[in-house]
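Enquirer: Below is one structure. I have some questions about it.
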Amino acid sequence: MNDENCNTNLSLAEITPAEWSQAELLQRAGGLVREALADSPVYVWQMHREDMLQTAVITFLELAAEPAAYAYAAARTALKNYRWIHIRGLNGGWKSLACIEKGYSVLNFADTLPEDTDDDPQTAVDRLATRVWECVPRPVEWTVLRRLAAPGLNQGETLREVLYILAGMSGNFYPEQLYRAALIITLLGRDYTWEHVEERTGLSFEEVYEIYWGWRKRHLNPYLQLSPMHQEMVKLRGQMRITFFEELDTTFLNTAVRKMVIFPHGIYTITYKQRSHNAGKRAGQVEASLQKMRQVNGQKLLRAMHLGPIGALTKERLYEASFAVERKLAALSV
């Protein structure tokens, strides 16, 4: 450790935590934790040391641009608050024995650090951006991670990601159900009110609630338990099953693979069928149709439009057919 950075009050006022390496940051945080846990019994060390280490580290990183002396004072205060809430059990606190019994775990910094090399100039602030998110409730840390992360996805991009995930995780389903579930999850995930989602989807609160929690439980939560590699495989599978109209090229449109196409006004399925030998001149010819299903009075009804033979399909014809299908579906409700 650099003596110039640690031994004088003058230097502590001049340097900032942003200049510390990850190893130095951990050493400084560890010293404060040892100070805070002095005279504590062994079981308190075992249960709380790693959490307190994170508390000190996150406080340093939150104040990365402030003088080190100020960051030290704030970190000591944060550790005192931790002891007050989580060790002494005053004012509640999320770290309880019940939480631990249900599978609570902490992040051990020593197990997640990349090995330092002499030619690695990265500081602790740089490396925090590469940290993996965890499900332990740490609101302060999450705030820091969001602050350091790149700008998030907009609503359209979020909806697309959710669609890919649900399509990759789902088995047999109707495209309309898939799109509706993705829309509900996206809106609620972006803090829209339940009333707004009810108005947007035309569904009752009970229906929205059932769809939201049902798809989360069966598809989204299992996806989040997968490794990063398996998550990418799921999303790639979803991308193979779903395509957006603006991204659809003519070659893929004329490929006889069942696909779901999302237009600005809805989601449709393109199916391909080979004509039988009784079809005369069209025998053996592969033709496509665009279809969509709607539930009317509890009954699922399908309406479709013929697109033409493979090799002659165009996006213009596809776009026109989508409105023709909508007119057929509208007639069902009259």
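The numbers here are math on the coordinates, done by the rules we state, and not lab data. Just so we're clear, the structure is a prediction, and the values are computed from it rather than from any experiment. Here Cβ is always computed from backbone atoms with ideal geometry, including for glycine, and neighbour counts include all displayed protein chains.
Enquirer: Just to be sure I understand the model, the point goes 7 Å from the Cα along the line to the Cβ. What's the resulting A73 to Y319 distance in nm?
Expert: It works out to 6.4 nm between the two label points.
Enquirer: Between M233 and E207, what is the label-point separation in nm under the 7 Å Cα-to-beta-carbon projection?
Expert: Spacing of the two 7 Å Cα→Cβ label points: 3.7 nm.
Enquirer: Another question, if that's okay. Can you grab the distance from the C-alpha centre of segment 197-239 to the C-alpha centre of segment 263-322, Å, no decimals?
Expert: 28 Å
Enquirer: Tell me the label-point distance for the pair R190, N297, using the 7 Å Cα-to-Cβ offset, in nm and rounded to one decimal.
Expert: In this crude spin-label approximation the distance works out to 3.7 nm.
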